[in-house]
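Before any comments, here is the structure.
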Amino acid sequence: MSDQEKRQAILQELAVAFWMEMETVINYISNSINLDGVRAEEIKASLQADVTAELMHAQLLAKRIKTLGGIVPGSASFVPRQTSLQPPKKLTDVASVIRGVIDAENSAIDQYGKIIKLSEGFDYVTQDLCITALGDEEEHRREFMGFLSEYEG
Ligand SMILES: [Fe+2]
Ligand SMILES: [Fe+2]
């Protein structure tokens with residue numbers, strides 16, 4: 001791959017990560033408000049706090065896309081993917097939301113891993129950004145896996 005091709009590949013994957021973060025922001029807001037019941041309170045508070053972290057990731061990715069000479073996409077190119085994070089049929093079904101959150105965190109972890117490998121030896125600033133975000137997503141995932149083990153006994 002030429003340097004130009006590498007840069008294009010990185011820009012493309014940064015845009016994928018940007019949309020993942022934006023979709024996560026949407027669904028964490030929805031779920032942090034939709035859920036009902038005493039047992040949902042902890043999950044709702046945690047999701048609400050994570051919205052800020054995920055929004056920050058989206059903003060950092062957007063800035064990096066711009067710095068690398070790309071254009072930050074607008075909503076017309078958005079394609080939803082988080083099927084498991086849609087509002088549950090029963091609004092007390094906290095476990096379904098927890099599983100959806102773990103799926104979303106896993107997807108983000110895979111995507112950041114992909115960009116980290118793609119930037120190796122070529123773009124350390126992008127790599128550094130993605131390593132930090134990866135660490136954040138691993139923390140989010142760990143927290144929700146803890147919630148899940150409580151719900152599944
Ligand atoms: Fe994130
Ligand atoms: Fe996250």
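The values are calculated or read from the model by the stated rules, or taken from the named source; none is laboratory data. The shown structure was predicted, so the numbers you read here are calculated from the model rather than taken from an experiment. Glycine also receives a Cβ, built like all others from the backbone with ideal geometry; neighbour counts cover every protein chain displayed. For accessibility, only protein heavy atoms count, side chains too; no ligands or nucleic acids. Shrake-Rupley method; radii C 1.70, N 1.55, O 1.52, S 1.80 Å.
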**Request:** Please enumerate the residues belonging to segment 117-140 that are surrounded by 14 or more Cβ atoms within 10 Å (Cβ to Cβ), part of a helix (DSSP H, G or I) and either in contact (Cβ under 8 Å) with a residue 40 or more places away in the chain or small (Gly, Ala, Ser) (or both).
**Result:** Leu118, Ser119, Thr126, Leu129, Cys130, Ala133, Asp136, His140
**Flag if Arg81 is more than 28 Å from Met1 (Cβ to Cβ) and either in contact with a strand residue (DSSP E or B) (Cβ under 9 Å, 6 or more places away or on another chain) or open to solvent by 50 Å² or more (accessible area, probe 1.4 Å) (or both)** = no
**Checklist (1) at pLDDT below 95; (2) part of a helix (DSSP H, G or I); (3) closer than 30 Å to Asp123 by Cβ applied to Met1, failing item** = (2)
**Request:** Could you check Leu61 against (1) among the aliphatic types (A, V, I, L, M); (2) over 20 Å from Asn106 (Cβ atoms); (3) touching an Asp or Glu at 6+ places or on another chain (Cβ under 8 Å); (4) part of a helix (DSSP H, G or I) and say which number it fails?
**Result:** (2)
**Message:** Checking the condition of a type in the set (A, V, I, L, M), away from ligand 2 (no atom under 12 Å from the Cβ) and closer than 21 Å to Ala53 by Cβ, which residue from Ile109, Ile98 passes?
**Reply:** Ile98
**Prompt:** Within the bounds of segment 89-105, is there any residue that is under 30 Å from Gln4 (Cβ atoms) and open to solvent by less than 80 Å² (accessible area, probe 1.4 Å)?
**Reply:** no
**Pair list, Cβ under 7 Å, 6 or more apart: segment 34-61 residue open to solvent by 70 Å² or more (accessible area, probe 1.4 Å), other residue among the hydroxyl-bearing types (Ser, Thr, Tyr)** = Asp36/Thr92; Gln48/Ser32
**Request:** Considering each residue of segment 27-65, count those that are more than 30 Å from Asp128 (Cα to Cα), away from ligand 2 (no atom under 16 Å from the Cβ) and small (Gly, Ala, Ser), and give that number.
**Result:** 2
**Item:** Odd one out for Arg81, checked against (1) more than 14 Å from ligand 1 (Cβ to nearest atom); (2) part of a helix (DSSP H, G or I); (3) touching a residue at least 40 places away in the same chain (Cβ under 8 Å); (4) of a type in the set (Lys, Arg)
**Value:** (2)
